[in-house]
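Comments concern the structure below.
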């Protein structure tokens, strides 16, 4: 397994091997790509925000959806990592793998562990996706294996 560099990601996108829509070269990092917030849901406030921002109360669960629609090819998988600027203010999140063959936006479950409210703005870069090259192509891709969230758009809490 190897991690794609910024040059690898840009090359894969240009060749159509990997899709990130919309793609903004300014979101490239040395070994990944920063994903932006498109939507924020705060259950405690019963609010869905798609424009502007929202203040997340202390000790509160919330979810965000990425603006970017990702299409992971069969030879790649990916990991998500919170941007350190959010970790430093107490945002915790449960990240996992993005499976080979996944297509869609990503819903990210988060928690404000701070004792103060924090502000999130739609459009801000929130997390980094890091692409990994698999040693072989899987026999069955995400859409056929489980595919529960294949082609999702926006916050999808449970299907």
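The values are calculated or read from the model by the stated rules, or taken from the named source; none is laboratory data. All values derive from a computational prediction rather than experimental measurement. Cβ: placed from backbone, ideal geometry, glycine included. Neighbour counts: every protein chain shown.
Are any residues in the range 1-24 more than 15 Å from residue 129 (Cβ to Cβ) and not in a loop (DSSP other than H, G, I, E, B), and if so, which ones?
2, 7, 11, 14
Give the residues of the range 74-93 that are free of Cβ contacts under 8 Å to residues at least 60 places away in the same chain, part of a loop (DSSP other than H, G, I, E, B) and either touching a helix residue (DSSP H, G or I) at 6+ places or on another chain (Cβ under 8 Å) or closer than 23 Å to residue 2 by Cα (or both), sorted by residue number.
Within the range 74-93, 83 is the sole residue that qualifies.
With (1) at pLDDT below 95; (2) within 15 Å of residue 66 (Cβ to Cβ); (3) touching a helix residue (DSSP H, G or I) at 6+ places or on another chain (Cβ under 9 Å) as the list, and residue 138 as the residue in question, which single condition is left unmet?
Of (1) at pLDDT below 95; (2) within 15 Å of residue 66 (Cβ to Cβ); (3) touching a helix residue (DSSP H, G or I) at 6+ places or on another chain (Cβ under 9 Å), only one is false for residue 138: (2).
Examine the range 146-159 for a residue that is buried (at least 16 other Cβ atoms within 10 Å of the Cβ), modelled with pLDDT of 95 or more and not in a strand (DSSP E or B), and state whether such a residue exists.
No, the range 146-159 has no match at all.
Scan the range 41-62 and give yes if some residue there is within 30 Å of residue 15 (Cα to Cα), free of Cβ contacts under 8 Å to residues at least 60 places away in the same chain, outside any strand (DSSP E or B) and touching a strand residue (DSSP E or B) at 6+ places or on another chain (Cβ under 6 Å), otherwise no.
Of all residues in the range 41-62, those within 30 Å of residue 15 (Cα to Cα) come to none.
Scanning the range 41-62 turns up no residue that is within 30 Å of residue 15 (Cα to Cα), free of Cβ contacts under 8 Å to residues at least 60 places away in the same chain, outside any strand (DSSP E or B) and touching a strand residue (DSSP E or B) at 6+ places or on another chain (Cβ under 6 Å).
Results for (1) closer than 20 Å to residue 105 by Cβ; (2) surrounded by 15 or more Cβ atoms within 10 Å (Cβ to Cβ); (3) within 16 Å of the chain's Cα centre (by Cα); (4) modelled with pLDDT of 95 or more, shown as yes or no for each residue.
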| residue | (1), (2), (3), (4) |
| --- | --- |
| 1 | no, no, no, no |
| 7 | no, no, no, yes |
| 10 | no, yes, no, yes |
| 15 | no, no, no, yes |
| 19 | yes, yes, yes, yes |
| 24 | yes, no, yes, yes |
| 37 | yes, yes, yes, yes |
| 40 | yes, yes, yes, yes |
| 43 | yes, no, no, no |
